[in-house]
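Okay, structure first, notes after.
Each reported figure results from applying straightforward, stated rules to the coordinates on display, with no laboratory input. What you are looking at is a predicted structure, and each value in this text was computed from that prediction instead of being measured. All Cβ positions, even for glycine, are placed from backbone atoms using ideal geometry, and neighbour counts span all protein chains on display.
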Amino acid sequence: MHIQLQDLQLFVQVAEAGNLTRGAQRAFLSPPAASARIRALEDQLGAQVLYRSNKGISLTQAGETLLQHARLILRQVDFLKDDFAGDEFGGHVRIFANTTAVTEFLPEFLAGFMAEHPHLTVDLQERLTHDILRSIQDGTADLGIFSGEVDAGDLEVIRFSTDRLVLATPQDHPLADCRELRFADTLEHEHIGLHEGSTLLAFLRGLMEKNGYERALRIQVRSFEAMCRLVEAGVGIGVVPESAARRHARTMQLSLLRLSDSWATRDRCVAVRSRSALPRSARALVDALVQSGIGGDVAG
């Protein structure tokens, strides 16, 4: 069996595009040429990897297996190039992270890190925690950033800071004078939530769906800044990471209340398949993240 890297790259591009024509375009091939190469790959493997129809393509079970192996092989080739690229590393790192990380601290952190390493490229995508861990496991992403206790299986998980959730209310809200309260005790009031697909919304739904959180949701928005602005305007109350809440409270009239629930204080972690097996660029990024303690342990 002799499989070329270019054929694996083409297969991954077609599989991720979900369409032979779009995948061929990404590989700078004509659709007939791409189709012929994938059929030749199937002959090499002795298995059909794609179902083809007028609606596009889908993966067979053999195709799912090939996709997992192909991603890992191609990433290892990238890692090899990175490790032998000389003193100034470059390469490409794909990071899947939760909502708080993507919107609050990773942009600033990555701006500084990438300025120090101008040949590095990064693909940062927001994902739910279970998708983050699955993507690290199957090689879709190199680093995964999430908060809270999860079953990470055999992944290597490195803690780098603490994420504390607080309740933001208008200063004249009936709850504003409470120093501490349980999340369940807030559900008689209207809440502002994040958009569908955000990890925080999914977490709160999963935790409190039997306590009426869905009925309490009045509006959903795209960012913590928008949440805080609506809280200030008296539209509702909202659960926000303390670092974001304190930053917005400097310019907005907000009351920030401690949540007594044990889940309100969570470790922020980065997950990898194996830290020692990462290329230099990804290892350096993890090391910088851990050393910075970014998003930090917010006091009181």
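For residue 6 paired with residue 62, estimate the spin-label separation in nm (one decimal), with each label point 7 Å from Cα along the Cα-to-Cβ line.
The answer from the label model is 2.3 nm.
Suppose R0 equals 30 Å; then what is the FRET efficiency for residue 121 and residue 276 from their Cβ-Cβ distance, rounded to the nearest 0.05?
0.85
Looking at region 163-265 from every direction and averaging, what is the projected area of its Cα convex hull in nm²?
5.6
At 0.36 nm per residue, and after removing the present C-alpha to C-alpha distance, how many nm does the segment from residue 196 to residue 218 gain when stretched out fully?
Working it through step by step, the gained length comes to 6.6 nm.
Less than 12 Å from a label point 7 Å out along the Cα-to-Cβ axis of residue 40: which backbone N atoms in region 3-30 qualify, by residue?
3-8
Once label points are set 7 Å from the Cα along Cα→Cβ at both residue 178 and residue 19, what is their separation, rounded to one decimal in nm?
4.9
Multiply the residue gap between residue 210 and residue 260 by 0.36 nm, knock off their C-alpha separation, and tell me the result in nm, one decimal place.
Stretched out fully, the residue 210 to residue 260 stretch lengthens by 16.1 nm.
Just to confirm the number: angle between the C-alpha axis of helix 199-208 and the first principal axis of the chain, 0 to 90 degrees, nearest 10?
The angle comes out at about 60 degrees.
How long are the three semi-axes of the equivalent ellipsoid for the chain, computed from the Cα gyration tensor as the root of 5 times each eigenvalue, in whole Å, largest first?
42, 23, 16
Between the helical axis of 280-292 and the dominant principal axis of the chain, each derived from Cα atoms, what acute angle in degrees is found, rounded to the nearest 10?
10
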